[in-house]
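Novice: Before anything else, here's the structure in question.
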Amino acid sequence: MTGRLVIVGLGPGAPELTTPLASDALAAATDLVGYAPYLARVPERSGQMRHISENREELARARQALDLAASGKSVAVVSSGDPGVFAMASAVFEVIEEGNPAWRDVEVTVVPGVSAMLAAAARVGAPLGHDFCVISLSDNLKPWELVLQRLEAAAAADFVIVLYNPASMARPWQLGEALARIAHHRAGATPVIFAHAVSQSDEHIDITTLAETESKHADMRTLVIVGSSTTKLIERGGRVFVYTPRHAELVEP
Ligand code: SAH
């Protein structure tokens, strides 16, 4: 009997931000596959097997999940946020493309999750209220030059820019260079949001400006949002909101 594989987005951290559909899919699985910190967020169920894998080993994890499903199990592979955003869903389809005949009949489903950018944006107001683009600063799977090229294009086109994977121990300087590139096209007063561990117990959100980002800290659990030329701040009752209006004018190149 061939089993099933469901690729589940857990949301950014808080259990309330895991959708009911995701919780149901996790409860229905015989086997869970994922990176340890993400599996730690899933409630224990008796009789359910857990297969923990290392962070960087997405393809091996995807193959393992497909093998388990092909052997008849009902498998859930977990991602933080949304599984289609820099996460496991593409890894599963990449290995399915290899065409292992044993995997042909596995039923594959993707369950969406609240991506970090949506949770971070909601915390500060509505910075993604108009056209935006999303770039991962990780150069594990693409050359750094390509990252810079895309940042230049996005900045020149006046998109709000969301940066996933802004920094890690192995990539300490990339964010500084990325923000410097964006600054070629944007005023120093442009709002920038550093959102750390959104919806988790050590959440910290810093609203700053492009000119002041050098002193700010980012790590693997930080998301950075750089405003467009129209993104603004409003103060209300001692609280600052950041939003991008829904309209925009043509910008001269
Ligand atoms: N699939 C995930 C993203 C995985 S890439 C999603 O949709 O959210 C990993 C990056 O996501 C991290 O380096 C960080 O930039 C961001 N991230 C994930 N969870 C986060 C959180 N709770 N708070 C802030 N950033 C987060």
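Just so it is clear, none of the values below were taken in a lab; they were calculated from the coordinates. Just so it is clear, the model here is predicted, and its values are computed rather than measured. All Cβ positions, glycine included, derive from the backbone under ideal geometry; neighbour counts span all protein chains shown.
Novice: From the backbone phi of segment 21-38, what are the Karplus-calculated ³J(HN,Hα) couplings (6.51 cos²θ - 1.76 cosθ + 1.60, θ = phi - 60°) in whole Hz, Gly and Pro given as x?
Specialist: For segment 21-38, the Karplus-derived couplings read 4, 5, 4, 5, 5, 5, 5, 7, 7, 7, 9, 10, 10, x, 6, 3, x, 7 Hz, x marking Gly and Pro.
Novice: Here's a follow-up. Using 5 Å bins from zero, what percent of all Cα-Cα pairs in segment 103-210 falls into each bin?
Specialist: Percent of pairs per bin, in order: 2, 10, 19, 21, 19, 13, 7, 4, 3, 1, 0.
Novice: Still on this structure, please answer the following. Mind telling me which of 101, 15, 191 comes out most flexible in a GNM of the chain, alpha-carbon contacts under 10 Å?
Specialist: 101
Novice: While we're here: What translational diffusion coefficient, in µm²/s and rounded to a whole number, does the Stokes-Einstein relation yield for segment 1-98 at 10 °C and a viscosity of 1.306 mPa s, taking the hydrodynamic radius as the Kirkwood radius over Cα pairs?
Specialist: My calculation gives 121 µm²/s for D.
Novice: How large is the dipole of segment 1-138 about the Cα centre if only Lys and Arg carry +1 and Asp and Glu carry -1, each at its Cβ, rounded to the nearest 20 debye?
Specialist: Using Cβ point charges on Lys, Arg, Asp and Glu, segment 1-138 gives about 300 debye.
Novice: Can you spot the lysines whose alpha carbon is less than 27 Å from residue 232's alpha carbon? Ignore those fewer than 8 places along the same chain.
Specialist: Of all the lysines, those that pass the test against residue 232 - Cα under 27 Å, at least 8 places apart if same chain - are 216.
Novice: On to the next question. Under 5 Å between amide hydrogens, which residues at least 5 positions from residue 33 or on another chain qualify, with H placed 1.01 Å from N in the peptide plane?
Specialist: Answer set, sorted by chain and number: 51, 76, 77, 78.
Novice: Please list, in order, the residues from segment 110-124 whose amide nitrogen is less than 20 Å from a point placed 7 Å along the Cα→Cβ vector of residue 14.
Specialist: Residues passing the 20 Å test: 112-124.
Novice: Taking every alpha carbon pair in the chain, what does the distance histogram look like in 5 angstrom bins from 0, in percent?
Specialist: Over the chain, the share of Cα pairs per 5 Å bin runs 1, 6, 13, 16, 16, 14, 12, 9, 7, 4, 2, 0, 0 percent.
Novice: If packing is taken as the average number of other Cβ atoms within 10 Å across a peptide's residues, how do 41-48, 220-227 rank, most packed first?
Specialist: Going by the mean number of other Cβ atoms within 10 Å, highest first, we get 220-227, 41-48.
Novice: So, one more: Which translational diffusion coefficient, to the nearest whole µm²/s, is obtained for segment 113-164 from the Stokes-Einstein equation, given a Kirkwood hydrodynamic radius over C-alpha pairs, 10 °C and 1.306 mPa s?
Specialist: The Stokes-Einstein estimate is 132 µm²/s.
Novice: When the chain is treated as a GNM, springs tying every alpha-carbon pair under 10 Å, which of 112, 12, 127 comes out with the largest mean-square fluctuation?
Specialist: Checking each option, the largest mean-square fluctuation is seen for 112.
Novice: In nm, to one decimal, how far is the residue 104 label point from the residue 2 one, both placed 7 Å along Cα→Cβ?
Specialist: 0.8
Novice: For segment 1-45, compute Rh as the Kirkwood radius over C-alpha pairs and then the Stokes-Einstein diffusion coefficient at 10 °C and 1.306 mPa s; write the answer in µm²/s, rounded to an integer.
Specialist: 141
Novice: Also: With +1 on the Cβ of every Lys and Arg and -1 on the Cβ of every Asp and Glu, and nothing else charged, how large is the dipole of the chain about its Cα centre, in debye rounded to the nearest 20?
Specialist: 380
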